[in-house]
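The structure appears below as structure tokens.
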Amino acid sequence: MCISIKKLTASFLALAMMTSAFVGCNRGSGSESDNSGAGQSASGDTIKLTVWGSQEDQDMLTQMCKEFADEHPDKKYAFTLGVVSEADAANEILKDVSAAADVFSFASDQIGSLVSAGALYRITKNRESVEAASTEDAVRAATVDGELYGYPAVSDTYFLYYDKSKLSEKDVQSLDTIMQKDIPNTKTNFAMNLDDGWYQAGFFFGAGCTLFGEDGTDPTKCDFNSERGVLAGEYMIDLVNNAKFGADFDDSMVKSGFADGSLAAAISGTWNSKEIESSLGENFGTAKLPEFTLSNGESVQMGSMANFKLIGVNSETDAPLDAMELAEWLISYDNQKLRLEKRSFAPANKALSEDTEALSGKPAVSALTEQLQYATLQASIPQMGSFWKPAEAFGQDIIAGNVTKDNLQEKLDRFVQTALSSVAGG
């Protein structure tokens, strides 16, 4: 992702469109064909497909689309590339499905709302081979009511970055150890965005809580206000009260903290790996998230929320078969490997995720892969959209000191009630 899924949702959308026309040509010729001749489809028509992706992916998508056209010399394609981030995809598509892209990248938590609105084309071409090539969790994230609606492209969760000159490999196994250390010339031992529900949920999951039931499909259930949730909340309160904790670090603060040496460890994802590695050099360290100790003395592994970048096909596309073929091309082994190499994105392709040679030299991806063992798949039901604001409010209240151990249960009850409100109140 990227930067945090929910933080991106509030970001400004770059709507400037970048048009690139690629036409089928003889394989390996390296030249575009004109409006007539062998490059045309049998009907002589140009197949026009609009593709949306993030700003950072534009060059990569251009390359992928060009190669797709090269691989299909019997047809003539014209691609229009547009800048819409995965986090903003659903918002933009649902404004007017008929005007949206034929093929687009989106965050998996949006699949419920997109399917409910009838905006996604059900995958009917090569469904079995797409599922067989993808990891089990990725397929789950792309499936609604037994039907496949997305092509898994990227696995995503968060993990720990740390400065090896400040913390050892053993130190980062425990958040308690990280917070107890006195590190010279270091203002913040550990940082994260506590008011972002995507990250905050890691404490609740670590304590054994569930969001929308065990499998994330029950919109009436959230036990963050249970006894286990209270234990997680108590830990967060203590953490905020420690001066060595950075509670509201966004991506820019994490990167600048590592760059100026004031930060020892932080939670983030692969999207920041290149800049952090550039700052830390030989002291660049990554690891799964640490364990932490609850007030009852129990040590638990910090969880995380797993998400996926999916490729979707617009239900109103004029060329569904070609759009599905392009979407499948965009998530091929080779193209997921290209994302891995260029963007350090963890693959959703099963074979690539198990390819140790391909993953070698990618410490951020390795840490992400290890953390996925402790991750909870982000719910794809529409109710997920009701979770983010109360999670943000709860985190902000803790940071502001408005949540205490005396009123924690009340605050958690309100948190859960609001997260489920659209179900309870209609």
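A few points about this structure:
- Evaluated with a Cβ-only charge set (Lys, Arg +1; Asp, Glu -1), the stretch 223-288 carries a dipole of roughly 140 debye about its Cα centre, given to the nearest 20.
- Solvent-accessible area per residue for the chain (1.4 angstrom probe, square angstrom): 41
- Rg of the Cα atoms in the chain, relative to 2.2 N^0.38 Å, amounts to 1.03.
- If you take the Cα centroid of the stretch 371-387 and the Cα centroid of the stretch 63-97, the two points sit 27 Å apart.
- Taking the C-alpha atoms only, the angle from helix 333-343 to the longest principal axis of the chain is near 50 degrees.
- By the Stokes-Einstein formula, at 1.306 mPa s and 10 °C, the stretch 275-426 with its Kirkwood radius over alpha-carbon pairs has D equal to 81 µm²/s.
- Shape category assigned to the stretch 231-352 from the gyration tensor of Cα positions, a/c cut at 1.5: prolate
- Cβ charges +1 (Lys, Arg) and -1 (Asp, Glu), total dipole of the chain, debye: 420
- Per-residue packing, averaged as other Cβ atoms within 10 Å, sorts the ranges 374-380, 152-158 into the order 152-158, 374-380, beginning with the highest.
- Excluding same-chain neighbours fewer than eight residues apart, the lysines reachable from Lys48 by a Cα-Cα span under 26 Å are Lys66, Lys75, Lys76, Lys95, Lys125, Lys309.
- Nearest-ten-degree value, helix 197-206 long axis tilted from longest Cα axis of the chain: 60
- Normalised by the number of residues in the chain, the average gap of Cα pairs under 8 Å and 6 or more apart makes the relative contact order 22 percent.
- The P(r) of the stretch 354-426 has a tail past 18 Å containing 60 percent of all C-alpha pairs.
- With respect to the chain, whose longest principal axis is taken over its alpha-carbon atoms, helix 320-330 is tilted by about 50°.
- Size of electric dipole in the stretch 49-159: Cβ of Lys, Arg +1 and of Asp, Glu -1, about Cα centre, debye, nearest 20: 380
- Interatomic Cα distance distribution for the stretch 282-359, bins of 10 angstrom, percent: 14, 29, 27, 17, 10, 3
- With the whole protein complex present, Glu354 retains an accessible surface near 130 Å², based on a 1.4 Å probe.
- Accessible surface of the chain, 1.4 Å probe, proportion on carbon and sulfur as whole %: 46
- Beta-bridge orientation, the chain: approximately 65 percent antiparallel, per DSSP, counting only bridges with both partners inside.
- Taking N as the residue count of the stretch 67-124, its C-alpha radius of gyration divided by 2.2 N^0.38 Å amounts to 1.30.
- Percent RCO, i.e. relative contact order, over the stretch 250-299, from Cα pairs under 8 Å lying at least 6 residues apart: 29
- Cα shape, the stretch 85-184, gyration tensor, a/c 1.5 rule: prolate
- Taking every C-alpha pair closer than 8 Å and separated by at least 6 residues, the mean separation divided by the residue count of the stretch 245-344 gives a relative contact order of 18 percent.
- Per residue, the convex hull spanned by the Cα atoms of the stretch 99-147 measures out at 94 cubic angstrom.
The values are calculated or read from the model by the stated rules, or taken from the named source; none is laboratory data. Small disclaimer: the values here were computed from a predicted structure and weren't measured. In this analysis, Cβ positions are derived from the backbone assuming ideal geometry, glycine residues included, and neighbour counts consider all displayed protein chains. Heads up: the accessible areas ignore ligands, DNA and RNA and are worked out on the full protein's heavy atoms, side chains in. Shrake-Rupley method; radii C 1.70, N 1.55, O 1.52, S 1.80 Å.
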